Amino acid sequence: MADDNGIPTLYEWAGGSAALEKLCEAFYRQVRVDDVLAPVFAHMDAEHPRFVAMWLAEVFGGPADYSQQRGGYPHMLGKHLGRALTEQQRRRWLSLIMDAADEVGLPDDPEFRAAFVGYLEWGTRLAVANSQPGAAPVGQAPVPKWGWGVAPPYVP
């Protein structure tokens with residue numbers, strides 16, 4: 001999955017599907033007991049952490065399992081419509097997933113974390129906007145493909 005210059009994808013740099021599943025398991029353990037987020041996820045499917053890991057894997061350059069098995073962007077969008085997510089919930093979501101990234105040992109180099117946080121900021125802001133009553137987001141779009149942006153991985 002590395003590009004023609006041998007630069008790994010964010011998915012590979014993070015540690016692949018196993019690392020993202022570990023991240024989501026740790027994250028949703030925190031969510032389930034969080035005062036701000038527990039009500040939002042009170043009725044989540046037991047497989048939700050695995051599905052989010054599949055989404056992140058695809059976004060970060062891994063296999064297209066979310067698109068093939070879950071319906072891609074339209075399915076993910078449907079999970080957010082009408083939920084009226086708040087800025088407080090968005091910020092707590094970000095804080096807890098960053099804590100989980102540290103807990104499970106995702107790479108903490110500045111280049112990876114900048115790309116990782118960049119996607120999470122972008123994605124959570126879209127989720128909040130798309131979740132508002134009366135929102136009319138684009139219903140058909142590809143799963144975003146997130147890369148390194150300005151700084152590729154630092155390898156001494």
Per-region count, segment 84-100, residues over 13 Å from VAL31 (Cα atoms) and either under 14 Å from the mean Cα position of the chain (by Cα) or not β-branched (Val, Ile, Thr) (or both): 4
Residue that is in contact with a helix residue (DSSP H, G or I) (Cβ under 8 Å, 6 or more places away or on another chain), at pLDDT below 95 and β-branched (Val, Ile, Thr), where the choices are VAL117, VAL143, VAL104, VAL155: VAL143
Matching residues, segment 50-98, being open to solvent by 20 Å² or more (accessible area, probe 1.4 Å) and either touching a strand residue (DSSP E or B) at 6+ places or on another chain (Cβ under 9 Å) or outside any helix (DSSP H, G or I) (or both): GLY61, PRO63, ALA64, GLY71, LYS79, HIS80, LEU81, GLY82, ARG83, ALA84, LEU85, THR86
Selection count, segment 110-155, where residues are open to solvent by 30 Å² or more (accessible area, probe 1.4 Å) and either hydrophobic (A, V, I, L, M, F, W, C) or part of a loop (DSSP other than H, G, I, E, B) (or both): 26
Qualifying positions in segment 125-149 - among the charged types (D, E, K, R) and under 20 Å from ARG83 (Cβ atoms): ARG125
Conditions (1) over 15 Å from the mean Cα position of the chain (by Cα); (2) in contact (Cβ under 8 Å) with a residue 24 or more places away in the chain: number failed by ASP45: (2)
Test: residue in segment 109-129 that is out of contact with any Cys (no Cβ under 6 Å at 6 or more places or on another chain) and more than 24 Å from TYR11 (Cβ to Cβ): yes
Qualifying residue in segment 49-60 (condition: farther than 21 Å from ALA141 by Cα, modelled with pLDDT of 95 or more and not small (Gly, Ala, Ser)): yes
Residue list for segment 29-49, filter: open to solvent by less than 80 Å² (accessible area, probe 1.4 Å), assigned to a helix (DSSP H, G or I) and more than 19 Å from GLU87 (Cα to Cα): HIS48, PRO49
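The values are calculated or read from the model by the stated rules, or taken from the named source; none is laboratory data. Values in this document were obtained by computation on a predicted structure and should not be read as measured data. All Cβ positions, even for glycine, are placed from backbone atoms using ideal geometry, and neighbour counts span all protein chains on display. The protein model used for the area step is the full one, side chains on, heavy atoms only, and it has no ligands, DNA or RNA in it. Shrake-Rupley method; radii C 1.70, N 1.55, O 1.52, S 1.80 Å.
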